[in-house]
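Read through the structure below, which is laid out as structure tokens, and then see the notes.
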Amino acid sequence: MTSPLFLEIARRLRANVDRGLPDQTDAVFRVPARDYRDPALWEREMQSIFLRVPLLVALSCDLPEPGDYCSLDLVGRPLLIVRGDDGRARTFLNICRHRGARLASQPWGHARSFTCPYHSWTYDREGVLVGVPERESFGEPGVDGLIALPSEERAGAIFAMLEPGANLDLDSWLGEMGESLAALRLADLYPYRTTTTLASPNWKLAADGYLDGYHIGYLHRESIGTRAITNRNTYDLLGSHVRVGFAHKRIGEIDTIASDDLALEDHMSLVHYVFPNVSMSGGIGDSLMLSRLFPGPTVDRSTTVQHQYFRQPVEGEMIARAEQKRLVYEQVVRDEDCATVFGIGDNLAAMADRDILFGRNEPANQHLHRQIRALLQD
Ligand code: FES
Ligand SMILES: [Fe+2]
């Protein structure tokens, strides 16, 4: 079933192709090159953005059953996301309350409970401390469970804030992005558990690449850009987030096919960028790639982790298909996107006081940098 929301984007893409222009802003936008390499500014970005806004930490389908969990480290915070016996997904610091050892060491799994490898303190699926060997030695330790972070599940995705006690208002944070995520039917996906980890430069340089509809037919002309019509994109600025539509060469056919028979993914593609660090590409067909940016450890570095999801479980013959797709995107993003943006990173010092330019045809990048500036000023 084609989502009416995405069908409307297909019509806008066709109109953009007909008029020969993408969605545009009113003015060119400039970002000083030094803003991508200033360690003090980077520290403020971590404090004012990553430690302050809700972050997409997992998809619901990563942990469908009680006891399923994921773990990841984001901006120096080790996270453990667990689905409890009550069906609720919670996010904790992946830190034992005894002396701070790491609890879960695998990126995903299923557990009846979580036992610390060091002295075997044990926590249940809701994070409650349920076992302390030699308990009498601790008297009343004043600790009853893991440190919980504000966390909620919405539209098939799990969000958390990295500061305990922060106020999480997810509906206002997502705004209209919530409706678009719902249309992606994220809860109906199945993960391929082999992920790809790529070195990437400054997180904003990498993010600029995810939001860029302008480069597809140029940088990727020999690879994933062959079926695209470049620079006729739709851009929807949804709260702090962005949805980018990409026209394919077959976009003109959409009116000749009954909407029930329309395989929209043959005619267009979509990127949902969930600010500040998650890009979801696809989802209108039978697969979706989620790319998560991990800033750091220094201003000039980040890591990108790519996750592939499919509409059917990745087992049997699906494994070869999933692996093939994973390898294609590993190669394209490493050899084309990351290589290019690492090159920009190397050039920043020589650019001195000059600016990076974002044209009227780069609304998503302009929006990203406006969001960053607004949060830094708050
Ligand atoms: S640090 Fe976890 S039980 Fe001691
Ligand atoms: Fe790219």
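The values are calculated or read from the model by the stated rules, or taken from the named source; none is laboratory data. None of these values were measured; they are calculated from a predicted model. Note: ideal-geometry Cβ built from the backbone for every residue, glycine included; neighbour counts use all protein chains shown. Side chains included, ligands, DNA and RNA excluded: accessible areas come from the protein's heavy atoms. Shrake-Rupley method; radii C 1.70, N 1.55, O 1.52, S 1.80 Å.
So which pairs qualify, if the first residue must be in region 132-152 and open to solvent by less than 50 Å² (accessible area, probe 1.4 Å), the second must be in a helix (DSSP H, G or I), the Cβ gap must be under 7 Å, and the two must be at least 6 apart or on different chains?
VAL132/PHE138
Among the numbered conditions (1) more than 30 Å from ASP212 (Cα to Cα); (2) of a type outside the set (S, T, N, Q); (3) buried (at least 16 other Cβ atoms within 10 Å of the Cβ), tell me where GLU65 comes up short.
Status for GLU65: all satisfied but (3).
Take the residues in region 326-353 that are of a type in the set (D, E, K, R) and in contact (Cβ under 8 Å) with a residue 40 or more places away in the chain; name whichever of them is farthest from ligand 2 (Cβ to nearest atom).
Among those residues, the one meeting the criterion is ASP353.
Would you mind finding the one in ARG112, ARG125, ARG90 that is assigned to a strand (DSSP E or B), among the charged types (D, E, K, R) and either out of contact with any Leu (no Cβ under 8 Å at 6 or more places or on another chain) or within 16 Å of ligand 2 (Cβ to nearest atom) (or both)? Quick ask: steps written out before the conclusion?
Details: ARG112 fails: assigned to a strand (DSSP E or B); ARG125 fails: assigned to a strand (DSSP E or B).
Residue meeting the stated conditions: ARG90.
Run ARG301 past the list (1) open to solvent by 30 Å² or more (accessible area, probe 1.4 Å); (2) more than 29 Å from LEU72 (Cβ to Cβ) and report the number of the one that doesn't hold.
Only one criterion is unmet by ARG301, namely (2).
In region 81-124, how many are more than 13 Å from ligand 1 (Cβ to nearest atom) and crowded, with 21+ Cβ neighbours inside 10 Å?
Summing the residues that are more than 13 Å from ligand 1 (Cβ to nearest atom) and crowded, with 21+ Cβ neighbours inside 10 Å in region 81-124 gives 7.
Working only within region 15-28, note down all residues that are at negative phi and either in a loop (DSSP other than H, G, I, E, B) or surrounded by 19 or more Cβ atoms within 10 Å (Cβ to Cβ) (or both).
If the condition is that a residue be at negative phi and either in a loop (DSSP other than H, G, I, E, B) or surrounded by 19 or more Cβ atoms within 10 Å (Cβ to Cβ) (or both), then ASN16, LEU21, PRO22, ASP23, GLN24, THR25, ASP26, ALA27, VAL28 are the ones that fit.
For region 143-200, please list each of the strands (runs of 3 or more DSSP E) lying entirely inside it that holds at least 2 residues being outside the structural domain of GLU126 (by TED's automatic domain parsing) and more than 27 Å from GLU315 (Cβ to Cβ).
190-200
Residues in region 161-219 that are within 15 Å of the chain's Cα centre (by Cα) and open to solvent by 70 Å² or more (accessible area, probe 1.4 Å): how many?
1
If I go through region 93-109 residue by residue, how many of them are within 24 Å of ALA166 (Cα to Cα) and part of a strand (DSSP E or B)?
Qualifying residue count for the region: 3.
Let me spell it out: the conditions are (1) within 16 Å of ligand 1 (Cβ to nearest atom); (2) modelled with pLDDT of 95 or more, and PRO141 meets all of them except one. Which number is the exception?
Result: PRO141 fails condition (2) only.
With respect to GLY245, determine if the residue is more than 16 Å from ligand 1 (Cβ to nearest atom), within 24 Å of LEU5 (Cβ to Cβ) and either over 18 Å from the mean Cα position of the chain (by Cα) or touching a residue at least 24 places away in the same chain (Cβ under 8 Å) (or both).
When the stated conditions are applied, GLY245 passes them.
Collect the residues in region 208-230 that are β-branched (Val, Ile, Thr) and either in contact with a Phe, Trp or Tyr (Cβ under 9 Å, 6 or more places away or on another chain) or assigned to a strand (DSSP E or B) (or both), keeping them in residue-number order.
Listed by number, the residues that qualify are ILE216, ILE224, ILE229, THR230.
Hey, can you tell me all the residues within region 306-337 that are touching a strand residue (DSSP E or B) at 6+ places or on another chain (Cβ under 7 Å) and open to solvent by less than 20 Å² (accessible area, probe 1.4 Å)?
Residues satisfying the conditions are GLN306, GLN308, TYR309, PHE310, MET318, ALA322, VAL333.
Can we say ARG30 is assigned by TED's automatic domain parsing to the domain that holds GLY245, over 20 Å from the mean Cα position of the chain (by Cα) and not aliphatic (A, V, I, L, M)?
It is true that ARG30 is assigned by TED's automatic domain parsing to the domain that holds GLY245, over 20 Å from the mean Cα position of the chain (by Cα) and not aliphatic (A, V, I, L, M).
Which residues, counting only those in region 284-298, are out of contact with any Lys or Arg (no Cβ under 7 Å at 6 or more places or on another chain), touching a residue at least 24 places away in the same chain (Cβ under 8 Å) and open to solvent by 20 Å² or more (accessible area, probe 1.4 Å)?
ILE284, PHE294, THR298
Can you name every residue in region 29-74 that is closer than 25 Å to ALA349 by Cα and assigned to a loop (DSSP other than H, G, I, E, B)?
ARG37, ASP38
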